[in-house]
1. Which ones in the range 206-252 are under 21 Å from VAL369 (Cβ atoms), in a strand (DSSP E or B) and open to solvent by 10 Å² or more (accessible area, probe 1.4 Å)?
2. Has the range 329-347 got any residue that is free of Cβ contacts under 8 Å to residues at least 40 places away in the same chain, under 13 Å from VAL246 (Cα atoms) and not in a loop (DSSP other than H, G, I, E, B)?
3. Mind listing just one residue for me: the one in the range 7-23 that is surrounded by fewer than 20 Cβ atoms within 10 Å (Cβ to Cβ) and touching a residue at least 40 places away in the same chain (Cβ under 8 Å) and, of those, farthest from the chain's Cα centre (by Cα)?
4. Condition first: touching a Gly at 6+ places or on another chain (Cβ under 7 Å) and closer than 20 Å to PRO221 by Cα. Can you find one or more residues in the range 294-312 that meet it?
5. Open to solvent by less than 40 Å² (accessible area, probe 1.4 Å), in a helix (DSSP H, G or I) and more than 24 Å from LYS201 (Cβ to Cβ), is that true of SER122?
6. Here's a check for you: in the range 268-289, which residue that is of a type in the set (A, V, I, L, M) and closer than 22 Å to VAL211 by Cα is nearest to the chain's Cα centre (by Cα)?
7. In the set GLY31, GLY59, which member is more than 34 Å from the chain's Cα centre (by Cα), buried (at least 19 other Cβ atoms within 10 Å of the Cβ) and modelled with pLDDT of 95 or more?
8. Which count do you get for residues in the range 34-54 that are open to solvent by less than 80 Å² (accessible area, probe 1.4 Å) and at pLDDT 90 or above?
Amino acid sequence: MAVVLIALTTGALLLVSARQNSDQKSLATWGVANILGGIGVCIVALRGFVPDIFSIVIGNALIILSYSLNAKGTLDFCHRKVGWAWVAAPAGLWLALSFWPAFISSVEWRLIVGSAFVTAASFTAAFALWTLKDEHLVTRKPAAFWLFCHGCIFVIRMIPPLLSTVPASSEITASPLVTLIMVESLVHITLISFLQLSLIKDRAEERYRRVAETDVLTGQPNRRAFMERADKLVRESDHWPACMLVIDVDRFKSINDSVGHAGGDAVLVKVAETIRAHLRPTDTFGRIGGEEFAALLPNTTLQSAAVLAEGLRARIAGLAIHAAGETVHVSISIGVSAVAGGKPDLDHLIDRADACLYEAKRTGRNRVVAREDGMRLAG
């Protein structure tokens with residue numbers, strides 16, 4: 001009865017939460033799963049008071065369906081689509097086997113098949129969460145770990161029926177092992193429901209964080225996000241030598257005057273995409289203001305950074321950007337500075353790159369100027 005009450009209560013809470021978070025369909029699926037599971041356990045517990053077709057066939061079919069729904073909710077949460085036919089298949093197979101006298105009369109086979117379905121659903125959900133790595137969700141790994149452990153418990157549950165004959169139903173009900181399994185089920189329903197709600201909360205927080213750190217126009221990290229990530233990298237000596245690139249679109253005001261602000265926005269978006277594509281995955285990049293961008297290149301010498309910057313300058317110069325019905329050709333100027341030791345300071349690193357950028361602008365634009373400790377490399 002405790003399992004039934006907890007399952008129904010958590011199911012209702014998940015459904016209420018689903019109404020408040022209408023964009024998270026997984027909550028409704030998880031809620032329905034808990035309610036169906038609670039009803040199924042209630043029917044199974046009425047064994048001896050209701051016909052076997054209810055307590056054995058229908059009750060267990062609902063429990064199996066609840067696990068399939070729970071797995072579907074998790075797969076949907078992880079952006080993995082699964083058809084309803086696959087969700088209904090395990091419960092449908094259970095119902096089909098129930099028409100086979102040899103199966104329905106064998107406690108051993110019923111335990112093995114039912115446990116196998118639960119194990120498969122638990123492991124599937126655990127794997128989906130474990131491999132979801134494009135979002136920073138604090139609860140992801142604990143939820144995956146618990147689902148894996150829950151699946152392992154049902155693997156263990158299959159061992160006794162495989163090795164020996166299962167006692168009569170009255171003896172099974174009175175067995176301490178059944179009590180232990182029911183206690184585990186109680187813990188599982190409570191814990192997994194809490195973890196599911198936490199996953200939704202983690203995703204909401206992750207979205208708010210990304211919005212706060214993303215430049216609305218280009219979709220790249222904004223100044224705040226760039227500065228935070230770059231500062232962390234600069235302070236870690238295992239990323240030295242590191243180089244800072246400050247990049248500015250030449251004569252951007254003239255571009256705005258020529259193709260309008262919408263056209264200018266299109267130019268910035270294309271330039272940002274091109275810069276990001278030219279950099280390495282390990283490089284930190286962001287828009288730090290107006291038509292200005294910055295990139296921090298870890299484990300890169302000044303000479304290598306200058307070569308990369310020159311390749312980027314040439315790549316941008318070769319672009320033909322379609323904006324406001326016109327083809328726009330743009331160029332960029334790049335200032336490069338480096339840190340190789342001492343007490344690095346991000347602001348100082350950016351200031352030195354800015355000074356190099358100013359020199360590139362002053363000496364004709366569409367240039368790369370790199371400097372370290374008084375040494376100048378001009379392209």
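The values are calculated or read from the model by the stated rules, or taken from the named source; none is laboratory data. Remember, it's a predicted structure, so these values are computed and weren't measured experimentally. Cβ coordinates were reconstructed from backbone atoms using ideal geometry, including for glycine residues, and neighbour counts include every protein chain displayed. Just the protein is used for accessible areas: all its heavy atoms, side chains included, with ligands, DNA and RNA removed. Shrake-Rupley method; radii C 1.70, N 1.55, O 1.52, S 1.80 Å.
1. If the condition is that a residue be under 21 Å from VAL369 (Cβ atoms), in a strand (DSSP E or B) and open to solvent by 10 Å² or more (accessible area, probe 1.4 Å), then ASP248 is the only one that fits.
2. Yes, there is a match, as at least one residue in the range 329-347 is free of Cβ contacts under 8 Å to residues at least 40 places away in the same chain, under 13 Å from VAL246 (Cα atoms) and not in a loop (DSSP other than H, G, I, E, B).
3. LEU13
4. yes
5. no
6. That would be ALA277.
7. GLY59
8. Result for the range 34-54: 14.
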